[in-house]
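Everything on this sheet refers to the single structure shown next.
What follows draws every value from the coordinates through simple rules; no lab data is involved. From a predicted model like this one, the values you see are computed outputs, not experimental measurements. Cβ sites come from the backbone with ideal geometry, for glycine too, and all protein chains shown count toward neighbours.
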Amino acid sequence: MSKPLALQIGWRFLRTRTSNGFVSFISLSSVVGITLGVAVLILVLSAMNGFERELRDRLLAVVPHGELVAMDGNLEGWPELVADAASEPGVEAAAPFVLIEGLLQRGDVMKPVSLRGVLPQWERQVSAAAQFMDEAAWQSLEQDEPVLVLGQALAQSLSVSVGDRVSLLMPSAGDNPLSAPRNVVFTVSGLFDLGGEIDRTAAFTNMARAADIAGLTAGASGVRIKVTDLFEAQQLVHNIGYRQAQYLLLSNWTRTQGHLYSDIQLVRMLTYLVLVLVVAVASFNIICSLVMSVRDKQAEIAILRTMGMSRGGILASFMVQGAATGAFGCLLGAIIGSLLAWKLSDLMAWIESALGINFLSGDVYFIDFLPSQLIWQDVVSVSLLAFVVTLIATWYPAWQASRLHPAQALQR
C-alpha cells in the first residue's frame, strides 16, 4: 500500500467516532497535556530570556566587566594602564576610578556605601550608569565639588533627597586604629534607579574629589574595563594584569554577579526536564488511547490486512493517528505559549495591580517587573522536542496493531 493511503486511513481512524467514550476522553486529555506542557515551557523560557536580557542590558551594563585595582589602593601610572587595557583585543574601553568604602550618615541613621569616584566622560564609555539618572545629575559629577549621586533605595533609607547634605564616615588615614573616623560632608546632587543591591549601597562622585578625600597621590585606585564578550572577561583581565609591573587585584563580573547567570541557566535546564516529564505523561495517555483504539478497530484492521494492506501500512496508519494528536497538541501549545509570552510583562503588571502585590521586589532583585523575551528558536525547539517524544510513544501501539493476525481478529 502507498504511503498516501496509509495517511488517509490514519486520518480517517482519527476522525471516526469510537464506540468507547473512554478512548475519546484519554485522547483529549493527551492533547491537553501536551498543549499545557509546551505552552508552559515556552512561557518559562521567555521569562528566563527576559531575565538574561535585563541582566545583560541593565545590571552588567553598569557593574564592571573587569577591574584591576592597586594592592595599596594607589594606582601609579593609571593613564598607561588605561591605554594598555584599551588596546587589548576584545576590550571595548577602559576608565579609571577611585573606590571608597565607608558609611553615609544622616541624623542618627547610618548606611554602608561604596563610593565610586569617576570621570564622567570616561565612565560613559564603560558604563551605562548615566542612563539611569538625570543628565543634570550626571553632569554634576564633572564639578570638583563635594557632591554625590545616590541610589534611590539608599536615599530612601537615609530619608534624603536632591539638595540635602549627608556625611561620609571613613577610616582615618593614620596608623592608629583607635583614631576617630574622618567626616566629609557631601551634597546630594541626584539619584539613580537601577534596582537591587546597587541601589542600596552605591554612590558616585567626582574622581578628583574622591582621590583627594582618600589621600591618593596617583589620583586613581583602579581601572575598569568593558569587554565585547562577557564570557571572556576573566581571561582578558588576566591577560592585562599579568603583564603589568606592579601587583594588581584582578576581578571580573562572574565573581560578583555570576550567580545570577548560573541561576538562570539552571532554571532553563530544569524547565526542559519538566517539559520532558509533562510530555511523557501526556504521551502515556496517547499510548493508552492508541492501544484501546487498536482493540476497538480490530475488525477494520483485519479487513485491511485481508485486502492486501501490509503490516507497514497498518503501522503507518496508527503512527499517523498518534502523530496527528501530538502535532495538534504541540501546535496549540506553541500558539498559546507564544501569545502569553508576548504579553507576559503586561499580564503580570495587570495581575499585580489587581491584587495589590509585587511578585518581584526591586529592593531584592535588580528589577521590579517580570521581563519576557520570546525567541522563535525556543518555540521551534520546544515544539519539535515534544513532537519527537509523542512520536516515540506512538510507535509501540502502532507496532502492536501491525502484528495483529487477521484470522484471530475476525474471530473475536
>> Suppose each label sits 7 Å from its Cα in the direction of the beta carbon; what would the Asp134-Ser310 distance come out to in nanometres?
In response: 8.0
> What share of all Cα pairs of the stretch 183-233, in percent, falls into each consecutive 10 Å distance bin?
Replying inline: 17, 34, 39, 9, 0
> So between Thr217 and Phe284, what do we pick up on full extension, going 0.36 nm a residue minus the alpha carbon distance?
Replying inline: 16.8 nm
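Between Ser353 and Ala83, what FRET efficiency comes out of the Förster formula 1/(1 + (r/R0)^6) with R0 = 45 Å and r the beta carbon distance, rounded to 0.05?
Efficiency, rounded to the nearest 0.05: 0.30.
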> Shape of the stretch 84-181 from its Cα gyration tensor (a ≥ b ≥ c, root eigenvalues): rounded if a/c is under 1.5, otherwise prolate when a/b > b/c, or oblate?
Replying inline: oblate
>> Using a 10 Å cut-off around each Cβ, can you sort Trp399, Trp122, Trp253 from fewest to most neighbouring Cβ atoms?
In response: Trp399, Trp122, Trp253
> Quick one: if the Förster radius is 56 Å, what FRET efficiency do Glu92 and Ile335 give, using the C-beta to C-beta distance and rounding to 0.05?
Replying inline: 0.90
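Calculate, for Leu266 and Ile375, the FRET efficiency according to 1/(1 + (r/R0)^6) with r their C-beta to C-beta distance and R0 22 Å; round to the nearest 0.05.
Numbers: r = 19 Å, r/R0 = 0.84.
Calculated transfer efficiency: 0.75.
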>> Using the crude model of +1 on Lys and Arg Cβ and -1 on Asp and Glu Cβ, and no other charge, please compute the dipole size for the stretch 61-256 relative to its Cα centre, in debye to 20.
In response: 380
> Sorted from fewest to most neighbouring beta carbons within 10 Å, what does the list Thr256, Thr205, Thr35 look like?
Replying inline: Thr256, Thr35, Thr205
>> Please compute one quarter of the surface area of the Cα convex hull for the stretch 61-256 and express it in square nanometres.
In response: 10.8
> Under 16 Å from the 7 Å Cα→Cβ point of Asp229, by amide nitrogen: which residues of the stretch 84-102?
Replying inline: 88-92
